[in-house]
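Comments concern the structure below.
Nothing in this text is a laboratory measurement; each read-out follows from the coordinates by a stated rule. This structure is a prediction, so every number in the text was calculated from the model and none was measured. Ideal geometry is used to build each Cβ from the backbone, glycine not excepted, and the neighbour counts take in all protein chains shown.
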Amino acid sequence: MGLTFAWPSSTFLLFTSENTTLNRPMTDGETALLGSLSSIGALVGNPIASVLLNVIGRKYCAVLTASIGVISWIMISFSNQVEVILAALFIYGISGSVFLVVPVYITEFCQESIRGTMASCPIIFYGLGMLVSNLLGGCLEYHSLTYVILAMSVFGVAMFLFLKESPVYLMTKGRKEEAIKSIAFYKNAKPNSKDVLQELDKIRKILSPEMEDESIPEKEKLNPNLESSRPEKLGFFKFLKKSQSTRRAMYMILTVLTAAIMQGLNMVLIYSKPLFHEMVPEEIMSSTLCSVLLAAMVVVSGIIAGYLTDLVGRRLLLIFASFGAGLCCAIIGLQMYFTWGPKWLIAALIYLYSATYTIGAGTIPFVLLSEVFLPEVKSYMSMLALEWTWLCNFLCLFLFNWLMVTVGLGAIFFIFSVVCFLTAVYSIYFVPETKGLTVDVIQLQFVKSKRTDVEM
């Protein structure tokens with residue numbers, strides 16, 4: 001994903017020049033779509049993936065989404081038509097649903113003590129993909145670059161085949177023996193070991209909480225075929241209507257995800273090369289080197305974020321990192337308007353801004369997304385949240401060039417700054433701490449009173 005989303009940065013200037021490798025130079029509207037069209041594809045892919053998650057499973061849903069990416073790179077590698085390139089990026093966007101699939105997949109087999117670190121790994125590798133894309137874009141000619149990315153996409157699909165299906169999914173389908181083998185695989189233990197059996201029991205309790213409800217008579221627990229007064233299994237919309245914690249979790253997730261997009265680093269990353277070309281004189285540092293360093297900063301910051309997420313906690317990271325990112329953006333805006341510092345200062349501040357953003361809003365909302373929803377609604381709620389995220393991403397990327405021409409980069413960074421500060425304030429009052437908590441305990445963070453019914 002990182003390889004493809006950073007690819008427009010390496011090709012933007014080439015595709016708009018008279019010496020383009022395409023059949024004609026791209027227009028302004030087409031270049032706006034070059035960086036944003038993948039987000040529209042993701043809007044299509046997410047609902048499909050949310051259904052397939054519970055039909056074909058987490059593993060094969062991931063294989064399918066990654067395979068769609070391979071198809072799009074075949075189109076890019078063997079065509080020079082502008083329309084085909086744009087269509088390929090739209091198709092690749094469908095595979096963007098991997099951001100829905102992978103966090104669900106990961107959090108269903110890793111333990112709570114490392115869940116935050118593991119859930120942040122997709123962001124780390126997304127940044128790594130951007131780094132590799134910028135490095136290759138500066139070293140390879142256009143066609144060689146496309147062939148290398150195509151080969152890496154095929155390799156990514158192949159790696160999924162070595163993994164086991166999520167034990168939670170297997171248990172929902174009644175495939176207990178396969179679930180035991182999956183748990184044993186991820187714990188590197190024997191299928192009949194104590195750790196494996198304890199994990200199986202934990203999954204069973206999460207999926208069938210009524211077995212632990214003391215209000216249900218013992219006969220009903222032992223014989224589920226007996227008629228009883230236990231509550232019927234609710235559909236998605238009924239569950240959402242009755243579950244106060246799910247609604248509050250959804251409001252919180254939508255807010256922090258929107259803030260994460262509007263804090264702006266995605267726009268800076270995707271258009272980093274032309275942005276640095278405009279902001280930093282070539283005699284100080286080339287735009288290619290600036291882009292590579294920016295992607296490297298995102299990768300390093302992502303690794304730091306993955307470590308701090310389980311050490312410091314989600315909430316504190318989001319608060320302090322958002323405040324730091326806002327401060328950086330405000331100084332960048334002032335520097336662009338008044339040029340009170342040396343020319344290299346903007347690049348240095350952008351690197352600092354990218355680091356604070358990645359540690360906070362670039363990572364934490366996606367960790368929270370993988371944690372705050374119950375298994376019954378996780379795939380659907382995650383899908384709705386990511387649908388909204390991709391829509392915001394598309395609108396911001398599509399309007400970015402227009403805003404840059406209309407109000408200037410300085411004003412844009414002031415907007416980023418305001419959003420960052422508002423995110424910090426919101427997080428103080430409305431974002432709960434989820435570090436080390438199980439999903440049922442997390443639900444209690446979203447309700448005023450601790451209830452034991454579906455209202456939780």
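Miscellaneous remarks
- Subset of LYS59/LYS202; LYS164/LYS205; LYS59/LYS181; LYS181/LYS242; LYS238/LYS378 violating a 24 Å alpha-carbon distance limit: LYS181/LYS242
- Fraction of alpha-carbon pairs over 27 Å apart in segment 249-381 - percent: 26 percent
- Ranked by how many other beta carbons lie within 10 Å on average, peptides 83-92, 128-137 from highest: 128-137, 83-92
- Within segment 319-376, chymotrypsin sites (Phe, Trp or Tyr not before Pro) in DSSP loop having at most 15 other beta-carbon neighbours inside 10 Å: TRP340, TRP344
- Calculated [θ] (222 nm, deg cm²/dmol) that DSSP helices of n ≥ 4 give over the chain, each run adding -39,500 (n - 2.57): -24000 deg cm²/dmol
- Between the helical axis of 409-430 and the longest alpha-carbon principal axis of the chain there is an angle of about 20 degrees.
- Think of the chain as a dipole: +1 on every Lys or Arg Cβ, -1 on every Asp or Glu Cβ, centred on the Cα centre; then among ALA296, LEU240, ALA260, LEU240 lies furthest on the positive end.
- Approximating the spin labels as points 7 Å out from Cα along Cα→Cβ, the ARG175-to-ALA348 distance works out to 5.6 nm.
- Here segment 331-456 is treated as a Stokes sphere of Kirkwood radius computed over C-alpha pairs; at 25 °C and 0.890 mPa s its diffusion coefficient rounds to 139 µm²/s.
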